[in-house]
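Written below as C-alpha cells is the structure these notes are about.
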Amino acid sequence: MDQDDIVDKLVAENRKDPRNKIIIDGEDLSAFASDELDSAVTVLLLSRAIAAYRSGSPSDEHQAVVDAATALCHQVADRVWGECIDTEEDEWQEINISTDWITGPEQEDTELRVVVRQI
C-alpha cells in the first residue's frame, strides 16, 4: 500500500466516526515511513527509534524514521480536522497536533501505535 492509500484509508475511517483523537497502528506507520524513506522500516525499527528519541539519544537514522512516521500523523490530522485550501493542489489547513506514542513494555516489542490529538 502506498502513502496515498494509507492516508486515504485512515482519513475515511476517522471521518466516518469522528472523535477528538486519531489512533494509527504501527503497521500503517511503518509502511508510510518505508515509502517516505524508500527503505524498509519495520515496526520494531520504529519502536527502537521512538525509544532512542525518548531517551534523548536518537541517531540520524532514528530521527529520520520518527519524522517520516510523524508525517503520516500530520497528513491524516490535516485532512480529518482541517479545511481543504486548494482542491487542485490537494492542499489542506495545517492542524497543530500532539502525538502520544504507545509502545509495548519492552524495547524489542513490536506493539506500537500513536494517538494523535488536536491542540
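The values are calculated or read from the model by the stated rules, or taken from the named source; none is laboratory data. These numbers come from a predicted model, not from an experiment. Every residue, glycine as well, gets a Cβ built from its backbone with ideal geometry; the counts of neighbours run over all protein chains shown.
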Could you list, ordered by first residue, the pairs with Cβ atoms under 8 Å in which the first is in the range 15-28 and touching a residue at least 24 places away in the same chain (Cβ under 8 Å) and the second is hydroxyl-bearing (Ser, Thr, Tyr) and surrounded by fewer than 21 Cβ atoms within 10 Å (Cβ to Cβ), at least 6 apart or interchain? 26/110
Across the range 63-89, what is the number of residues that are surrounded by 12 or more Cβ atoms within 10 Å (Cβ to Cβ), of a type outside the set (A, V, I, L, M, F, W, C) and out of contact with any Phe, Trp or Tyr (no Cβ under 6 Å at 6 or more places or on another chain)? 5
Please verify whether the range 81-91 includes one or more residues that are of a type outside the set (A, V, I, L, M, F, W, C), modelled with pLDDT under 95 and touching a Ser or Thr at 6+ places or on another chain (Cβ under 8 Å). no
State yes or no: is residue 100 within 25 Å of residue 13 (Cα to Cα), modelled with pLDDT of 95 or more, of a type outside the set (Phe, Trp, Tyr) and surrounded by 13 or more Cβ atoms within 10 Å (Cβ to Cβ)? no
Of all residues in the range 13-31, count the ones that are more than 19 Å from residue 97 (Cβ to Cβ) and modelled with pLDDT of 95 or more. 3
Looking at residue 62, is it closer than 21 Å to residue 117 by Cα and under 16 Å from the mean Cα position of the chain (by Cα)? no
Among 34, 57, which is surrounded by 13 or more Cβ atoms within 10 Å (Cβ to Cβ) and either more than 14 Å from the chain's Cα centre (by Cα) or at pLDDT 95 or above (or both)? 34
Considering residues that are touching a helix residue (DSSP H, G or I) at 6+ places or on another chain (Cβ under 8 Å) and closer than 28 Å to residue 16 by Cα, the number found within the range 47-72 is 5
Yes or no: residue 98 among the polar types (S, T, N, Q) and out of contact with any helix residue (DSSP H, G or I) (no Cβ under 9 Å at 6 or more places or on another chain)? yes
